[in-house]
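Notes to accompany the following structure.
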Amino acid sequence: MVAYLIDYENENINIIPLVKSISRAGWINDNKLEFFPCKYNGNIIFESETSELDAISQGTIPHGDFELWKKYAEITIKNPFARFIIAASFASPILKLIDSRVFFVHIWHDSQSGKTAIIKFAVSVWGDPSKLMGSFNATSVGLERMAGALKHLPFGIDELNVLNENKTSIEKIIYSLGNGFGRLRGNKTGGMQSILSWQNIMLTSGEQPINNESSNDGAITRVLELYGKPVEDTKLAHELHNISKTNYALAGREFMEFITKNINAKIAKEEYTKIINEIDFKCNSGISKAHIDSLAAVCLGDYYAGIAIFKKPQKEAWTEAVILGVKILKNFKELQKPDTIKRAWNFVTGWIASNKNRFSPDSTPCYGKIEQEKIYIIPNILKQSLEENGFNYAKVTRGFKDRNFIETCIDSKGHVKMQVAKSINGIVQKCFCIKEVIGGKN
């Protein structure tokens, strides 16, 4: 039978029509002129191994009235938070052109603030939100497969509150999706599965920040975190839900028509660099380069959308994009967390203040000793406290040493040691010596 089918195909090679297939959305074969499902040549079908991913193809079929969608978009983008989320959706395919890494845009606020409505409306640029969006109540494998199928389209993940921390942590999700590729996994039948990859923007929402005080610096730099109401009018939020359900995959086609005709990688990179420099100059921000780069990528999407979707003159669209970046950067700076070592230092000094009575000889348990405005802490006590609160003991203590937060000593071999000898309750032991915290000097 196999031999027959091979002969049949060979004999009819010029008769059987060729139909290309693809198992994900986005730029095709690194060709910056073709983008599935918006702009491509010939006949291409979407095929996948799972019905869940097949639904993505169905969800990207245009539906509804573009002018109606645009009317609501013009109302909605008057709010800077809403505008930034929508701009991030448009910017997602641009990451490929500017060689940007994957990053998250997270909006958080109280319930009834329009967070879900704006995420859905932003995703409706490219397709049906009910088919293109994911949930935090999912396995890491499921999220990876969804991200791989979307490839260059934005990945909306709603309601951080439903995350099951026992199943997977938010930090693990940020790292796994932020890396832009999936894990190496074996097949049931032997061999290895193909590794999924993606290069897009993750749009997330919730009633709390996505990062916390013990988050690693790597997770923090992958997230642009915003606090605000994207849709203040509850009636408008309700209407956006309905508009997103019935009018989708329209703006994305208009946008990619403009991009493929007018923007190539060289132009995008030049304008990306220009918008980075302009926003940074206007703000004199002091924000990390990773965050400035991510914010500028979204503003670049806003600029192109202003021209392609809202038909604004280039100068006006550029000015508005920069103004948006400056507004969002101010909000982001208010929420910006110090780096891990500084946050750990703030925790340790607060921990010392709240447990000061534990540093006396007759306390049980005894944490150490206070002597001559210096605090000596027993290492295993400090380690337990740091790790219980999500800090890495080795990283933090090394950071304290590098920043001169603790006293060091030189051993007989000339090596610098982070612990010094101290007698506590008559027993000499190695301790961490915290200096200059009594009296508010540090």
Nearest-ten-degree value, helix 340-354 long axis tilted from longest Cα axis of the chain
40 degrees
Across 10 Å bins from the origin, how do the percents of Cα pairs in segment 262-369 run, short distances first?
13, 31, 19, 11, 11, 9, 5, 1
When every alpha-carbon pair in segment 186-315 is counted, what percent end up more than 19 Å apart?
69 percent
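Any chance you could run the full-extension gain for residue 425 through residue 112? It's 0.36 nm times the residue separation minus the Cα-Cα distance, nm to one decimal.
Residue separation times 0.36 nm, minus the Cα-Cα distance, leaves 107.0 nm.
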Run the helix sum for the chain: -39,500 (n - 2.57) per DSSP H stretch of 4+ residues, divided by residue count, reported at 222 nm to the nearest 500 deg cm²/dmol.
-14500 deg cm²/dmol
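Test of understanding: given the chain, find the longest segment containing no GluC sites (Glu not before Pro) that are in a DSSP loop and have at most 15 other Cβ atoms within 10 Å.
Within the chain, the longest run free of exposed GluC sites (Glu not before Pro) spans 233-372.
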Could you give the length gained by full extension between residue 339 and residue 58, i.e. 0.36 nm per residue of separation minus their alpha carbon distance, to one decimal place?
96.8 nm
What percent antiparallel are the DSSP beta bridges of the chain, to the nearest 5?
55 percent
As an exercise, use a Förster radius of 56 Å and the Cβ-Cβ distance of residue 66 and residue 435 to find the FRET efficiency, rounded to the nearest 0.05.
0.30
For residue 238 and residue 12, what does the FRET efficiency come to when R0 = 51 Å and r is the distance between their Cβ atoms, rounded to the nearest 0.05?
0.35
Where the centre of each part is set by its Cα atoms, how far does segment 64-96 sit from segment 112-150, in angstrom?
15 Å
The simple spin-label model distance between residue 288 and residue 326, using points 7 Å out along Cα→Cβ, in nm, is 2.6 nm
The relative contact order of segment 1-68, taking Cα pairs under 8 Å that sit 6 or more residues apart, comes to a percentage of 23 percent
Which longest uninterrupted range of the chain lacks any trypsin sites (Lys or Arg not before Pro) assigned by DSSP to a loop state (not H, G, I, E or B) and surrounded by at most 11 other Cβ atoms within 10 Å?
189-310
Contact order normalised by length for the chain, with contacts defined as Cα pairs under 8 Å and 6 or more residues apart; what percent is it?
17 percent
What is the ratio of the Cα radius of gyration of the chain to 2.2 N^0.38 Å, with N the residue count, to two decimals?
1.20
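Can you tell me the accessible area per residue over the chain, all protein chains present, probe 1.4 angstrom, in square angstrom?
48 Å²
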Leaving ligands, DNA and RNA out of it, report the carbon-plus-sulfur percent of the accessible area of segment 265-389 at a 1.4 Å probe.
50 percent
So if we plug the beta-carbon distance of residue 412 and residue 371 into 1/(1 + (r/R0)^6) with R0 = 35 Å, what FRET efficiency do we get, rounded to 0.05?
0.90
Between 288, 354, 130, where does the largest GNM mean-square fluctuation fall for the chain, given springs only between Cα atoms within less than 10 Å?
354
Stretchable slack from residue 258 to residue 43, in nm (0.36 nm times residue separation minus alpha-carbon distance):
75.3 nm
Placing +1 on each Lys and Arg Cβ and -1 on each Asp and Glu Cβ in the chain, then taking the dipole about the Cα centre, the residue among 296, 434, 268 whose Cα reaches farthest towards the positive end is 434
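The values are calculated or read from the model by the stated rules, or taken from the named source; none is laboratory data. Bear in mind that the values here come from a model prediction, so they are computed numbers and not experimental data. Note that we place each Cβ from the backbone using ideal geometry, even for glycine, and neighbour counts take in every protein chain shown. Areas reflect the complete protein model, heavy atoms only, side chains present, ligands, DNA and RNA absent. Shrake-Rupley method; radii C 1.70, N 1.55, O 1.52, S 1.80 Å.
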